[in-house]
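The values are calculated or read from the model by the stated rules, or taken from the named source; none is laboratory data. Worth saying up front: this structure is predicted, and the values here are computed from it rather than measured. Note that we place each Cβ from the backbone using ideal geometry, even for glycine, and neighbour counts take in every protein chain shown. The accessibility values were calculated without ligands, DNA or RNA, using every heavy atom of the protein model including side chains. Shrake-Rupley method; radii C 1.70, N 1.55, O 1.52, S 1.80 Å.
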Amino acid sequence: MPYPECMHASLLAVEATRARRLKETMPRMSLAAKQQVLESFHPDYRAESFRPLAVGPNRGDRVPHELADLLEARSRIDPAMFDVTRIDYDTDVLILGGGGAGTAAALTAAEQGVRVLLATKLRWGDSNTIMAQGGIQAADKENDSPAQHYLDLVGGGGFVNIPELARALVTDAPAIIRWLEELGVMFDKEPDGTMRTVHGGGTSRRRMHSCRDYTGMEIMRVLRDEARNRGIQVLEFSPAVELLLDESGQCAGAILCDLETEEFFVVRARSTIIATGGMGRLHVQGFPTTNHYGATADGIVLAYRAGARLVFMDTVQYHPTGVAYPEQILGQLVTEKVRGLGAQLLNVEGEQFVNELETRDLVSAAIIRECTQRNRGVVTPTGMLGVWLDTPMIDIKRGPGTTARALPAMVRQYKRYGIDITSEPILVYPTQHYQNGGILINERAETSIPGLYVAGEASGGVHGRNRLMGNSLLDILVFGRRAGQTAARAALQTRLGALTLRHVEQYHHALAATGSLNGLIAPMILPDYTSPASKIRRQGGIPIG
Amino acid sequence: METLVEVLEKQSELNEAVQPRLISISIAGKRYAVPEGLTILKALEYAGYRLVRGVGCRGGFCGACATVYRVADDYRLKIGLACQTMIEENMYLTQIPFYPAQKATYDLRALRPAGDVFIRFYPEILRCLQCNTCRKVCPQDLDVMRYIAAAQRGEVDRVADLSFDCLQCGLCASRCPAEIAHYHVAQLGRRLYGRYRQPLAAHLSRRLAEITEGQFDDELSRLQRMSRQELESLYAQREIEPEETTPAKKDED
Ligand SMILES: Cc1cc2nc3c(=O)[nH]c(=O)nc-3n(C[C@H](O)[C@H](O)[C@H](O)COP(=O)(O)OP(=O)(O)OC[C@H]3O[C@@H](n4cnc5c(N)ncnc54)[C@H](O)[C@@H]3O)c2cc1C
Ligand code: SF4
Ligand code: SF4
Ligand code: FES
């Protein structure tokens, strides 16, 4: 057994209760009970972890300290020194971010016959999109409907989702799946073409479409391949560090930084789409994260400085099942599909304590309650807490071989550390997963700033205060396509005036005037994971390269 | 801010408690002492590297962190993903985050999933020497040589199935004596399979027609206008489709 001695007794308890649990389902909680657990145990309710913003359109709104720090930092660009007249690239549509939303926007804008330039931080496809395993929702089965999808969406989101955005999401969903089919995405299907669909947390119908457990990777690979076939121009290792406005206040492009040469490039664009993804790497409240290396909220910082409004930035999604053991992969995702396929959550005594298919916020809060207040978590040798996710139930319920076929990425992941998930349960604890809120958009992906559009995880409103699994891969494609369309059409009619950075200057002044300007620089671009000793050795000197 | 001495002291206390020892590894020819039990990626960072190339998802999905290494007293080169491979004492490593490879451009709509489609775009697959190096270096344990053989024969289904877990890390291409860009060949195969070998979903076509006819418009408009209370009660009454517990059917092939 690969698990250390101290966890053996609990493992035996899990095995002992299995036969009984096969016949048992935990009842779902009432809305009132649910609210009470959330308020007592969900990290979003820890008041001391938030503070009101000092300046900008959301002045006074609470956001996590880690984000407030970035929104109260100085730009990487000195507006007094930087020459915006030296234009390096001129384009119709500039897209920031090479994940699913950005690439879908690029394909759609290019279909309209305009010039498209996509700039991304690292390699094209290094993103949260490529990491998505579980699946993508769409109401396309007989017993389902866009209205049913709508109800699940807003119920999961706490009934505060912006109705127009919610409607756009569920209505476009089937067309998005068809678009992907026609591009050659390999969905899990029956031989006659029927989609093999399962439940996800918070769904009332089995509407999760998947591509084994590499759904996001498969979608990303195909979109990127198609964009390459279409010859769309892409700049890799070139993150945006600031937006440019023109004299009339419309968005007019961005400043990119070449991460290798450390030169700054000016891109003038008639339309600009932010598709920079989420903020997992801010490690809100010290949580580990499932997100990719570049998920540092850059788009939020850029848009906010330019005057765009944010919504729901006081809520963060913690995925209930992040890896709690082994240490090497701490915080990485155990896809919800594992629960969709029938694995139950168990405490140290091998007993269920929450219905595993409740919404993510509730399951996370219930796990935290089990491990803290009730003291029934499993303790690892390094003092981490976790609960069991009983993966062997999948093959028991659905027949041998199901796990291997449906979850090859997970089987491989755990095998590297000697754990066979088909015969042994795994240990999990909540991990920072998704940015529920973001930059406010309307159903055409427009922001309050003319010429600035947002799509994907960087945007906010469609998921309300909590996103359901499978609605984000959908969101990035629905609004990526919509943003590409709106931005391309608008570009044909836009006339730009002289470029300015006055908004950055004004933002700096406002911060200074309120005494809230801190010593930091934002956007962060990449987190610094070097050891504390190496950070100290770098202090006080000027880097050479 | 703590001083360097304080940090190092704290670290050595920590080392006694949970991370028993430092081991020596060689990164691109330079020696560093790092705590054992780290992945190569975390060891690079611990040693002070602020990575720009050679890192991406940090979770084994993006293929950006391909690494070549060997261990002491062994001439053999090994490979791994930096974010998924544990360091060993006296490991000599370097990352190859970029490897040039040619991708054919095509219009999928104009292709058919059979015959010489692979050879047309990637004639170099015929140069395969069957040395099996590609398979040996694949961090996903894919049978790369076999999918290249299938591509030679125009077997789209096998190419797609055998290559499905490919991360496009480029390690196979970096070692292939025939200069094949395996992962681009595989990509073509999977897209042909998804587009032409799997039938379009009929239930999806029906739903699209219903949407075009506006069948759900009224109901959606009603939902959009509902108060929170109304939505809450509707939500609470939702009937939840039972989970499927009969064994899932087998894959198509
Ligand atoms: C591990 C994991 C599993 C998930 N599973 C699912 C699932 O099963 N189903 C589901 O629906 N959702 C899932 N999600 C959520 C979903 O994958 C993401 O929310 C979604 O893919 C985000 O897409 P995006 O295009 O908005 O952002 P991303 O895919 O993250 O792309 C953003 C891109 O912008 C780039 N970028 C960042 N800053 C800059 C800058 N300053 N300038 C230029 N470029 C920049 C990034 O490098 C990246 O390439 C999962 C997420 C994770 C992390
Ligand atoms: S490495 Fe190249 S030559 Fe060798 S078996 Fe693989 S494809 Fe053929
Ligand atoms: S087939 Fe090649 S590119 Fe794909 S994962 Fe294996 S080694 Fe990497
Ligand atoms: S960093 Fe993405 S696979 Fe290693």
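The ellipsoid that matches the Cα gyration tensor of segment A:386-545 has semi-axes, each √(5λ) in whole angstrom, of 42, 29, 15, with the longest given first. Helix B:182-192 and the longest principal axis of the C-alpha atoms of chain B enclose an angle of approximately 10°. Between segment A:153-186 and segment A:268-300, the alpha-carbon centres lie 22 Å apart.
At 0.890 mPa s and 25 °C, plugging the Kirkwood radius over alpha-carbon pairs of segment A:452-538 into Stokes-Einstein gives what diffusion coefficient in µm²/s? The diffusion coefficient I find is 139 µm²/s.
From the largest down, segment A:71-207 spans 61, 36, 26 angstrom on the principal axes of its Cα atoms.
Largest accessible area first, the listed residues B:Ser163, A:Ser248 line up as A:Ser248, B:Ser163 when surface is computed with a 1.4 Å probe on the assembled protein chains. For the pair B:Asp217 and A:Glu262, label points projected 7 Å from Cα toward Cβ lie 5.9 nm apart. In straight Cα distance, which lysines are under 19 Å from A:Lys189, not counting same-chain residues fewer than 8 positions off? Excluding near neighbours in sequence, the set is A:Lys141, A:Lys337, B:Lys249, B:Lys250.
Other residues with beta-carbon under 14 Å from the beta-carbon of A:Arg74 carry, at +1 per Lys or Arg and -1 per Asp or Glu, a net charge of -3.
Taking every alpha-carbon pair in segment A:210-324 and binning the separations at 10 Å intervals from zero gives 11, 31, 36, 20, 2, 0 percent.
Rg then Dmax, both in Å and based on the Cα atoms of segment B:198-239: 14.6, 44.
Within the P(r) computed for segment A:421-485, what percentage of the Cα pairs occupies the region above 18 Å? Summing the P(r) of segment A:421-485 above 18 Å gives 43 percent of all pairs.
Loop-resident GluC sites (Glu not before Pro) (DSSP state other than H, G, I, E or B) in segment B:108-217 with no more than 15 further Cβ atoms inside 10 Å of their Cβ: B:Glu179, B:Glu213. Normalised by the number of residues in chain A, the average gap of Cα pairs under 8 Å and 6 or more apart makes the relative contact order 26 percent. Taking N as the residue count of segment B:97-141, its C-alpha radius of gyration divided by 2.2 N^0.38 Å amounts to 1.46. Once you divide the Cα radius of gyration of segment B:26-159 by 2.2 N^0.38 Å, the number left is 1.30.
Built from the Cα atoms of segment A:257-326, the convex hull projects on average onto 7.3 nm², one quarter of its surface area. Extents of segment A:53-118, largest first, come to 43, 32, 18 Å (Cα atoms, principal axes, whole angstrom).
Across segment A:368-454, counting alpha-carbon atoms alone, Rg and Dmax equal 20.2, 56 Å. Segment A:460-496 and segment A:237-261 have their alpha-carbon centroids 20 Å apart. Rounded to the nearest whole Hz, the Karplus-based 3J(HN,Hα) values (6.51 cos²θ - 1.76 cosθ + 1.60, θ = phi - 60°) of segment B:110-119 follow the sequence 9, 9, 10, x, 7, x, 9, 4, 6, 5, with x at glycine and proline.
Annotation for the B:A interface, with buried accessible surface near 8900 Å², both sides summed [1.4 Å probe; non-protein components not counted]. If you take the alpha carbon atoms of the protein assembly as shown and fit the smallest convex hull around them, that volume is 163 Å³ per residue. Just to be sure I understand the curve: with the Debye formula and one point per C-alpha of segment A:1-139, what is log10 I(q)/I(0) at q = 0.18 Å⁻¹? Values returned for q = 0.18 Å⁻¹ are -1.24. Once you treat every alpha carbon in chain B as an equal point and sum by Debye, what is log10 I(q)/I(0) at q = 0.14 Å⁻¹? Summing over Cα pairs of chain B leads to -0.98. With only Cα atoms counted, segment B:172-225 has Rg and Dmax values of 21.5, 65 Å. To put it simply, the accessible area of segment A:149-249 at a 1.4 Å probe is 46 percent carbon and sulfur.
Note on segment A:279-387: percent of Cα-Cα distances in each 5 Å bin, starting at 0 and stopping at the bin with the largest distance, equals 2, 11, 17, 22, 18, 12, 8, 6, 3, 1, 0. Reported value for segment B:141-253: 198 Å³ per residue, from the convex hull of its C-alpha atoms.
Dipole size of segment B:112-173 about its Cα centre, with +1 on Lys/Arg Cβ and -1 on Asp/Glu Cβ: approximately 200 debye, rounded to the nearest 20.
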